[in-house]
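In what follows, a single structure is set out as structure tokens and then discussed.
The values are calculated or read from the model by the stated rules, or taken from the named source; none is laboratory data. Note that the structure is a prediction, hence the values are computed from the model and not measured. Virtual Cβ from ideal backbone geometry, glycine too; neighbours counted across all protein chains shown. With ligands, DNA and RNA removed, areas are computed over all heavy atoms of the protein, side chains included. Shrake-Rupley method; radii C 1.70, N 1.55, O 1.52, S 1.80 Å.
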Amino acid sequence: MDYLDEAILVKDEFVRLLESAELRQTLSQKDLERLYVLTGKISYLYGHAYLDQYNESKLALISTINEWISSLTYSSFNLFDDKMRLGKETMQQMKEIKNALKDISTSSTLDDEDDVTIEEIREQCITYLQQDKISQYNKTLYGLILYGQKRSAEISAAYHDDDSEGEKDSYSIYEGEKQASEVLEHYTTLYDDLYIHDQHYHKEAILNLLENMQ
């Protein structure tokens, strides 16, 4: 099983349900049940991908999908309602998560040709933020995860290739993999912290974080 491919399928169906609910401004009992089934499925996929030591960069994407879907479902949807009429606040939360989820695809993982740098990401994000082009800002910000994937892969490869005699020190490899995971987690967390979900954001605070981003 390719866990990321399965996660994308879950994510796409979840997004379609949200888009349908936005048009009707209601969720039927059947739709609520399906949203909860999908939420359970993405958690299942993430858990098993983690236990199976799935590819780190792909696992980070599944983790992000899982967090966003779970946070919306458990905070906004009441499974025990026969029919749920969506209020303004819930509709706004749905829109934010839906737009974020739509930016994620299997092509979001790092390709060999990718050569993203923190400086390029910072400059582009600052430019878009100053112009209040939030959609472009968020898409550019995704480069943080790509950069984290790149650095993580480089660290892991360096530790695996460290022994010139070909005999790998298990502790050294463990330390390398730990560092690689921490780097990827750092940039994934940074992406989550800097992602703008709605129009209510503190521009100066985000600009300050971007300028000091490492």
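Accessible area per residue was computed with a 1.4 Å probe on protein heavy atoms; Asp132 scores about 80 Å². On a per residue basis, the chain carries 56 Å² of accessible surface, using protein heavy atoms and a 1.4 Å probe.
With all protein chains in place and a 1.4 Å probe, the accessible surface of the chain carries 46 percent carbon and sulfur. For the chain, the longest piece that avoids every one of the GluC sites (Glu not before Pro) found in DSSP loops with at most 16 other C-beta atoms within 10 Å covers 1-112. Normalising the Debye intensity of the range 1-106 to I(0), with uniform scatterers on Cα atoms only, and taking log10 at q = 0.13, 0.15, 0.16, 0.22 Å⁻¹ returns -0.44, -0.58, -0.65, -1.11. Pair-distance distribution P(r) for the range 40-96, from all Cα-Cα distances in 5 Å bins starting at 0: 4, 18, 23, 17, 14, 11, 8, 5, 1 percent. Residue ranking by accessible heavy-atom surface, 1.4 Å probe, largest first, among Leu184, Leu17 comes out as Leu17, Leu184.
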